[in-house]
Amino acid sequence: MIDQKKKKHHRIRWIIVLSLSLLTGLGTGIYISVVQNLPPAESISFYTPPVSTKVFDDQGNLITEFFIERRELTSLNGVPEFLKQGFICIEDKAFYKHWGVNIMSLLRSVIENLIHFRVVRGGSTITMQLARNMFLTQEKTILRKLKEIALAVRIERAYTKDEILEKYLNQINFGQGRYGVATAARYYFNKDVSQLTLSESALLVAIPKQPETFSPYRDPERAKARRNLVLKEMFNDHLITEAEYNTAINEPLGVVPRKPEKVLGEYFIEEIRRYLELKYGAEFLYRSGASIYTTMNRDIQRTAEEVLEKHLSQIEKDYKFKNPKSKIDSTGIFDTLKATPYLQGALVVIEQKTGELKALIGGRDFSQSKFNRATQARRQTGSSFKVFVFTAAIDNGFTPADIVLDLPIVLEIPGQDSIYRPANYDHRFMGPITLKKALALSRNLVAVRLIRTIGPDLVVKYAHELGVQSPLLPVVSLALGACEATLLEMTHAFSTIANLGEEHPVIMIRKITNRDGTIIELNNPSPIHRLSPQTCYVMIDLMRSVVDGGTGYEVRKYYSGPAAGKTGTTDNHSDAWFIGFTPRYTAGVWVGFDDNKKIFSGATGGVVSAPIWGELISKIDTMKTNDFPVPEGIVWRKVCPKSGLLATEYCPSSKEMAFVIGSEPKDSCDVHSFETKLEKEEDFEKLDRSALQGY
């Protein structure tokens, strides 16, 4: 009997030992599964929540933000008492009493969830919610809840209660991609968080439970009911007086109206985004809280967008296009590939003294096409490329008064059994004319003769030196723009001339600072000397004649200040360019279709793009009294446009031209005098016109 009792007790002891071992093993396994992959205590101390990267314009105004979670951090001292007390009252009344976990609250939540057979109560403390938001997912599982508890304990060891509350208030999700009380205050009330009233604070306390359900924009009545429930709880807990309660529940929600706003400078912003992601990575771009100080001028960008769209819409209306943008907009059906069926345009504005890009438009609608026609589209430049031909000529001995022939020319193409017969746009010939007049009226045959004289290789060299980066073939047709380049690089090259030969690399970002304000990138590049200021000034004077009576005359319908530029048109009227500058800004405009089809018959750069340029400049550059600075070594002479020599009293007209000292004409006109007949003119008039057919 005694032996049986001993055996029984022995079995019981073994059962207890085995049970305890199993429980210990099970507990150890659960503990390991809970704590594995959890951050150590020291890493919790260094945790910083993701903060949006802010982008500012050249005046320090916020343009946009790059973010996964849009968040603005604030200190606990900047949060009003109503807001702090409200969150503690609703989320965790015992916050300042527990050690990260409220056992009674957890037990109540377990019982209620079992009764309802679903999760109706969380039981998480503020510390547990912070642990979940910082390091865990939102999945509702027992394992995640256990990890939440373990992390909460670690957080309580690493931080004080006030530090935990501050981090919690900066971590909460308020919907619409807004995180943290400071961001929510700015979004819903357009206020600094420190200025929130009791009613506004209660609404912010109400939203995080279900941000979409209690959104004051989606369901204001439900949001108001939830806000009033928060106020009732605060009153019951003696956190506010009865008078404060009655006043607050009768106040409207007071949120600022939100309407869809067109984002300004979307193509500009996308260039910034691509640069940052490529150089610093996605983590920096979307989570670092850096500040990006760009060169964009918001007023210039907005004006440029309005002017470009106004003119393109008017062209679609005047010429009854089959697929205007308004038609595509109304259908709401489009893809985001680079090609669009409607007329497109691009525009850039550079401040030539600094190289800062003040405005950039890569297309009419970023949501419909993200292809940037200012930076990515290489299009035929047409006659705008003549500027490089004439610059090379002036820098190598030619003068504005040199007489050149605007007459037919036939060229054999080396290595090919074909003939090249260039022609003027109007298929007419003006005979002997000055270089200045040839550029003003964009005479193709003069440009061809010039490039044959100085050599295509030299023209390519000058174009690249001034800022064109696209590959260029050294052929005669280059003089007429038989090459492709982007609008930005063409405008940049023109800005070098406008800046008297000093090239400022185009910059879009002035500086970048990290979250603490430390500068991590600063862009202030030194100018590079590319060309003599005297040659550049002579070119400026030549290009002024394009605007004053030349192919860019439409500019003068809008802008009366000092301006110079060049038109550009391709043979089939598929590209219309105007690039020009004032003493302050260089701007380029391109108009065309993505598929290279004809804009309309007669769609020249002077007709289509010059008016856009003129109206834009008239609105952004009001300093009309400031003329182009004249460098040393420039002289002015009145020249007879027929002879290219110094005008006399017998010359019927004269043109004042700028010359590099030493290159000005020394002799007086030998065409117009009391005795001399106009032999050269008569010879040209007697030219057999039938011989010109076919050009």
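Derivation of every value follows stated rules applied to the coordinates shown; laboratory data play no part. None of the values given here were measured: they were computed from a predicted structure. Methodologically, a virtual Cβ is constructed for each residue, glycine included, from the backbone with ideal geometry; neighbour enumeration extends over all protein chains shown.
Checking every one of the GluC sites (Glu not before Pro) in the range 582-649 against DSSP loop status and a limit of 16 other Cβ atoms within 10 Å picks out 632, 649.
Around residue 605, what is the net charge, scoring Lys/Arg as +1 and Asp/Glu as -1 over all other residues with Cβ under 9 Å from its Cβ?
Spelling it out: positives minus negatives among the neighbours equals 0.
Length gained on full extension, residue 600 to residue 161, computed as 0.36 nm times the residue gap minus the Cα-Cα distance: 150.9 nm.
For residue 521, the residues whose modelled amide H falls within less than 5 Å of its own, excluding neighbours fewer than 5 places apart on the same chain, are 512.
Derived scalar couplings between HN and Hα for the range 150-161 equal 4, 5, 4, 4, 5, 5, 4, 6, 8, 10, 7, 4 Hz in order, rounded to whole Hz, by the Karplus curve 6.51 cos²θ - 1.76 cosθ + 1.60 (θ = phi - 60°), x for Gly and Pro. Straight-line cross-link reach from residue 161 at under 18 Å between alpha-carbon atoms covers these aspartates and glutamates, not counting any fewer than eight positions away in the same chain: 42, 81, 91, 92, 148. With R₀ fixed at 22 Å, the C-beta to C-beta distance from residue 507 to residue 470 puts the FRET efficiency at about 0.65. Between residue 256 and residue 624, the FRET efficiency from the beta-carbon distance, with R0 = 56 Å, is close to 0.90.
Length gained on full extension, residue 339 to residue 529, computed as 0.36 nm times the residue gap minus the Cα-Cα distance: 64.5 nm. Per-peptide packing, taken as the mean over residues of other Cβ atoms within 10 Å, places 495-503, 576-584 in the sequence 576-584, 495-503 from highest down. If a spin label sat at a point 7 angstrom from the Cα of residue 77 along the line to its beta carbon, the backbone N atoms of the range 165-183 nearer than 15 Å would be those of 166. Note that the range 213-219 has calculated 3J(HN,Hα) couplings of 5, 9, 5, x, 8, 7, 9 Hz, one per residue in order, obtained from phi through the Karplus relation 6.51 cos²θ - 1.76 cosθ + 1.60 (θ = phi - 60°); glycine and proline are x. Under a 5 Å amide H cut-off, with hydrogens placed 1.01 Å from N, residue 634 pairs with 661 among residues at least 5 apart or on other chains.
Only aspartates and glutamates eight or more places from residue 436 in sequence, or on another chain, were considered; those with a Cα closer than 13 Å are 402, 406, 541, 548, 656.
Coupling constants for the range 658-663 follow from the phi torsions by the Karplus curve (6.51 cos²θ - 1.76 cosθ + 1.60, θ = phi - 60°), and in residue order they are 8, 9, 6, 3, x, 9 Hz; glycine and proline get x.
When the C-alpha to C-alpha distance is required to be over 21 Å, the pairs from 191/232; 557/598; 557/619; 317/597; 566/666; 461/511 that qualify are 191/232; 557/598; 566/666; 461/511. Remark on residue 63: its backbone amide H falls under 5 Å from those of 55, 56, 57, a criterion applied only to residues 5 or more positions apart or on other chains, H modelled at 1.01 Å from N.
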